[in-house]
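Throughout, read-outs are computed from the coordinates displayed, never taken from laboratory work. Bear in mind the structure is a predicted one, so any value in this text is a computation, not a measurement. We place every Cβ from the backbone using ideal geometry, glycine too, and count neighbours over all the protein chains shown.
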Ligand SMILES: [Fe+2]
């Protein structure tokens, strides 16, 4: 059953119900050292706990941003995917950046996970 209130906002672990958040907030993993202009991988897994991928209830996509700058989208198909993606990105400026990942569940709305990174020279 869809939860209408979850569709009125971007949900986070701070705002969404804890049990629902555990299955929906994207978890971002990056290398410990990130260099300006050098490709690196970003792994995004939806939820600390596994989310189902059934026809009636599944993660539709993950979007990745650096701050407010769009980087990537990965779409998923019910039954045929796990809600996890690895993308290779390049950041052209040094300094602290906030990677933001958004997942969308067809029944539980959009969820945001964040990871601050330091892009070194
Ligand atoms: Fe869900």
Would you mind stating whether residue 39 is more than 16 Å from the ligand (Cβ to nearest atom) and touching a strand residue (DSSP E or B) at 6+ places or on another chain (Cβ under 8 Å)?
yes
Every residue in the stretch 20-40 that is closer than 17 Å to residue 83 by Cβ and out of contact with any helix residue (DSSP H, G or I) (no Cβ under 8 Å at 6 or more places or on another chain), please.
21, 22, 23, 24, 25, 26, 27, 28, 29
Can you tell me how many residues within the stretch 24-70 are surrounded by 14 or more Cβ atoms within 10 Å (Cβ to Cβ), within 12 Å of the chain's Cα centre (by Cα) and farther than 20 Å from residue 105 by Cβ?
2
Sole miss for residue 65 among (1) farther than 23 Å from residue 120 by Cβ; (2) touching a strand residue (DSSP E or B) at 6+ places or on another chain (Cβ under 8 Å) is condition (1)
Among the residues of the stretch 51-67, the number that are part of a loop (DSSP other than H, G, I, E, B), out of contact with any helix residue (DSSP H, G or I) (no Cβ under 8 Å at 6 or more places or on another chain) and under 18 Å from residue 25 (Cα atoms) is 4
Of everything in the stretch 68-80 that's over 17 Å from residue 27 (Cα atoms) and part of a loop (DSSP other than H, G, I, E, B), which residue is nearest to the ligand (Cβ to nearest atom)?
78
Look through the stretch 83-100, keep the residues that are over 13 Å from the mean Cα position of the chain (by Cα) and either in contact (Cβ under 8 Å) with a residue 40 or more places away in the chain or part of a loop (DSSP other than H, G, I, E, B) (or both), and return whichever of them is surrounded by the fewest Cβ atoms within 10 Å (Cβ to Cβ).
92
If you scan the stretch 1-22, which residues turn out to be surrounded by 12 or more Cβ atoms within 10 Å (Cβ to Cβ) and either in contact with a strand residue (DSSP E or B) (Cβ under 6 Å, 6 or more places away or on another chain) or without any contact (Cβ under 8 Å) to a residue 12 or more places away in the chain (or both)?
6, 7, 10, 11, 12, 15, 17
